[in-house]
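Sending over a structure as structure tokens; questions will come in a sec.
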């Protein structure tokens, strides 16, 4: 099985910040098949389209998946109203996740806001070899800091208003930080800056992207992203099947 | 057990449920869920004479009880389809329908000719894609256009020819009659209804193409009405589609006059939708003592 749908019992629910929810579900074979950086497509009763939510943590022993998501619209608001004991219709694991490579390398993980959760499962195996740079609006929006620290990662916070950590852009924290590889997820301006920094240093960089999505499996071609082949030729790939994680050198930033 | 088999233009289908073009790719992604032989048929992603890159994103927007898409016929071209996709599809134990779209009548005719030399089971003429400037819809919204393109392709197409109609017309009955008169063996309907959404914060259309095609449950009553109207004008079989998400919707479209059905957007909500619809349809027929699904076609009792 590559992916399938399953009714998954919600076993833990927490609210991490004003609009950020933390769900852990019993996911059986879906959890066993999942890799860091992949995502799930979650059915919301009454909605035509599922909601693509990145996988935050995978516990293969307990066969659970953890999702940390932001309420962005009506669909995620409805999803946030699920309670422990409810069952969620989940299609997973989907897409291509992070290619971690050797975890003995010095890695930097750069996350912005709700782009931070998909980095957790990828950063854990790097332990103290990983520096996690996480940017948020303000101190009360900071999430998952302790989770990364528990895995041995060094965490540096940046906030827009300076109420926690560095007052400024999360990418400011890249200055002077030596590394062998960069992994990033967050808003487009942040990703562009991270890719630029990686290119300047000649360091490989993987970015996790998002796009409005329908099928989630690569059939409908809805979630297009402009990519560049090694030959320089540009084409539309798809976030759900070719991604959501892409080699930064492949991505053509539009607009 | 009631008989679910139907026959469309001489092509036998084990059940009336066909995957709708554009929602199912070339089948590989959904074969992860169940054998494709579960389906009566597959109408493949719309193909063009040459590869098309598709529209810039965003291509998708959700709507009340539905969605808009403006994928723009991204596809690898007819030759790639014939060489790389069709051989695999033909081993899957289901009816394979090639959906073709073009800029010019010559494009359509060339593709029909190429496909006539393959073992594809049927050709679906896409003259209703609303998302590309020249993707056939220029032929699909007038009777003269439908008649001329259908007649032209008919001369080159040795396969059963199904014409997929656009709902973006004022008299669907006239359009259906034009397709039949020009030699169509079947009609499939309806394609998406052109729609639009605007982001109220940026004041930009949500879709980069500005407009897109509306599909999903919101479309069902329009599809039922149009299939009913078309069925009163033509004798050729109608493959009904538009918003089918549960077996009850399938029964409605059959009663309205459809002989088979296409399922599309429902895959996105639930990849197993066709299995559930097939089983629900079977139980409905058995419960009501209907021997064959074909008996439902046009069995509406209009006021």
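Any chance region B:110-118 includes a residue that's within 14 Å of chain A (Cβ to nearest Cβ) and either modelled with pLDDT of 95 or more or closer than 19 Å to residue B:50 by Cα (or both)?
The first filter runs over region B:110-118 and keeps only residues within 14 Å of chain A (Cβ to nearest Cβ), leaving none.
No, region B:110-118 contains no residue that is within 14 Å of chain A (Cβ to nearest Cβ) and either modelled with pLDDT of 95 or more or closer than 19 Å to residue B:50 by Cα (or both).
So, one more: Being in contact with a strand residue (DSSP E or B) (Cβ under 8 Å, 6 or more places away or on another chain) and outside any strand (DSSP E or B) is the filter here, so list the residues in region B:59-79 that pass it.
Listed by number, the residues that qualify are B:59, B:70, B:71, B:72, B:73, B:74, B:76, B:77, B:78.
Further question: Hey, any hits in region A:164-172 for a residue that's closer than 21 Å to residue A:54 by Cα, in contact with a helix residue (DSSP H, G or I) (Cβ under 6 Å, 6 or more places away or on another chain) and not assigned by TED's automatic domain parsing to the domain that holds residue A:23?
No, the conditions are met nowhere in region A:164-172.
Mind counting the residues in region B:17-29 that are more than 25 Å from residue B:3 (Cβ to Cβ), more than 8 Å from chain A (Cβ to nearest Cβ) and crowded, with 24+ Cβ neighbours inside 10 Å?
Result for region B:17-29: 1.
On the given criteria, is residue B:158 touching a residue at least 12 places away in the same chain (Cβ under 8 Å), outside any helix (DSSP H, G or I) and more than 14 Å from chain A (Cβ to nearest Cβ)? So that I can check it myself, show each step before the final result.
Working: touching a residue at least 12 places away in the same chain (Cβ under 8 Å): yes; outside any helix (DSSP H, G or I): yes; more than 14 Å from chain A (Cβ to nearest Cβ): yes.
Against the criterion (touching a residue at least 12 places away in the same chain (Cβ under 8 Å), outside any helix (DSSP H, G or I) and more than 14 Å from chain A (Cβ to nearest Cβ)), residue B:158 qualifies.
Give the residue, chosen from B:187, B:175, that is more than 14 Å from chain A (Cβ to nearest Cβ), free of Cβ contacts under 8 Å to residues at least 60 places away in the same chain, part of a strand (DSSP E or B) and within 22 Å of residue B:262 (Cβ to Cβ).
On the way: B:175 fails: part of a strand (DSSP E or B).
Answer to the selection: B:187.
In region A:25-50, which residues are buried (at least 22 other Cβ atoms within 10 Å of the Cβ) and either more than 14 Å from chain B (Cβ to nearest Cβ) or more than 29 Å from residue B:265 (Cβ to Cβ) (or both)?
Step one: of region A:25-50, the residues buried (at least 22 other Cβ atoms within 10 Å of the Cβ) are A:25, A:27, A:30-31, A:34, A:36-42, A:48-50.
Those that are buried (at least 22 other Cβ atoms within 10 Å of the Cβ) and either more than 14 Å from chain B (Cβ to nearest Cβ) or more than 29 Å from residue B:265 (Cβ to Cβ) (or both): A:25, A:27, A:31, A:34, A:36, A:37, A:38, A:39.
Going by the structure shown, is residue B:37 closer than 26 Å to residue B:270 by Cβ and outside any loop (DSSP other than H, G, I, E, B)?
yes
For residues in region A:141-178 being over 20 Å from the mean Cα position of the chain (by Cα) and in contact (Cβ under 8 Å) with a residue 40 or more places away in the chain, which is surrounded by the fewest Cβ atoms within 10 Å (Cβ to Cβ)? Don't jump to the end; show me each part of the working.
Step one: of region A:141-178, the residues over 20 Å from the mean Cα position of the chain (by Cα) are A:160-168, A:172, A:175-178.
Checking the rest, the ones that are also in contact (Cβ under 8 Å) with a residue 40 or more places away in the chain come to A:177-178.
On the way: A:177: 16, A:178: 9.
If we take residues in region A:141-178 being over 20 Å from the mean Cα position of the chain (by Cα) and in contact (Cβ under 8 Å) with a residue 40 or more places away in the chain, then A:178 is surrounded by the fewest Cβ atoms within 10 Å (Cβ to Cβ).
Turning to a different aspect of this structure: Residues that are modelled with pLDDT of 95 or more and away from chain A (no Cβ under 14 Å): list the strands (runs of 3 or more DSSP E) wholly contained in region B:194-274 that include at least 2 such residues. Let's see the steps before the verdict.
On the way: elements: B:211-215, B:238-241, B:260-263.
By residue number, B:238-241, B:260-263.
What's the total number of residues in region B:89-98 that are within 21 Å of the chain's Cα centre (by Cα) and surrounded by fewer than 17 Cβ atoms within 10 Å (Cβ to Cβ)?
First, pick out the residues of region B:89-98 that are within 21 Å of the chain's Cα centre (by Cα): B:89-90, B:92-98.
When the remaining residues are screened for being surrounded by fewer than 17 Cβ atoms within 10 Å (Cβ to Cβ), the result is B:90, B:93.
Number of matching residues: 2.
Inspect all residues belonging to region B:96-119 and state whether any of them is assigned to a strand (DSSP E or B) and farther than 22 Å from residue B:176 by Cβ. Before the answer, list the steps.
Of region B:96-119, the ones assigned to a strand (DSSP E or B) are B:96-100.
Those left that are additionally farther than 22 Å from residue B:176 by Cβ: B:96.
Checked against the condition, which is being assigned to a strand (DSSP E or B) and farther than 22 Å from residue B:176 by Cβ, region B:96-119 yields at least one hit.
A follow-up question, please. Given the conditions (1) more than 7 Å from chain A (Cβ to nearest Cβ); (2) without any contact (Cβ under 8 Å) to a residue 40 or more places away in the chain; (3) over 26 Å from residue A:233 (Cα atoms), which single one is not true for residue B:32?
Going through (1) more than 7 Å from chain A (Cβ to nearest Cβ); (2) without any contact (Cβ under 8 Å) to a residue 40 or more places away in the chain; (3) over 26 Å from residue A:233 (Cα atoms) one by one, residue B:32 breaks only (1).
Just name the residue that is farthest from the other protein chains (Cβ to nearest Cβ) out of those in region B:35-45 that are under 23 Å from residue B:158 (Cα atoms) and touching a residue at least 60 places away in the same chain (Cβ under 8 Å). Talk me through it step by step, then tell me what you get.
Step one: list which residues in region B:35-45 are under 23 Å from residue B:158 (Cα atoms), which gives B:40-45.
Still in the list and also touching a residue at least 60 places away in the same chain (Cβ under 8 Å): B:40-41, B:43.
Numbers: B:40: 18, B:41: 16, B:43: 13 Å.
Per the criteria, the residue is B:40.
Now for a different question. Please go through region A:210-247 and give me each residue that is more than 12 Å from chain B (Cβ to nearest Cβ), surrounded by fewer than 23 Cβ atoms within 10 Å (Cβ to Cβ) and either under 18 Å from the mean Cα position of the chain (by Cα) or assigned to a loop (DSSP other than H, G, I, E, B) (or both), ordered by number.
Correct list: A:229, A:230, A:231, A:232, A:242, A:246, A:247.
Can you pull out every residue in region B:47-70 that is more than 8 Å from every other protein chain (Cβ to nearest Cβ) and buried (at least 24 other Cβ atoms within 10 Å of the Cβ)?
Within region B:47-70, B:47, B:48, B:68, B:70 meet the criteria.
Being more than 14 Å from chain B (Cβ to nearest Cβ), outside any strand (DSSP E or B) and buried (at least 22 other Cβ atoms within 10 Å of the Cβ) narrows it down to one of A:203, A:207, A:194, so name that one.
Details: A:203 fails: buried (at least 22 other Cβ atoms within 10 Å of the Cβ); A:207 fails: outside any strand (DSSP E or B).
A:194 is the lone residue from the list that is more than 14 Å from chain B (Cβ to nearest Cβ), outside any strand (DSSP E or B) and buried (at least 22 other Cβ atoms within 10 Å of the Cβ).
The values are calculated or read from the model by the stated rules, or taken from the named source; none is laboratory data. It should be emphasised that the depicted structure is a prediction, and the values quoted were computed from it without experimental measurement. Don't worry about glycine lacking a Cβ; one is built from the backbone with ideal geometry, like all the others, and counts go over all protein chains shown.
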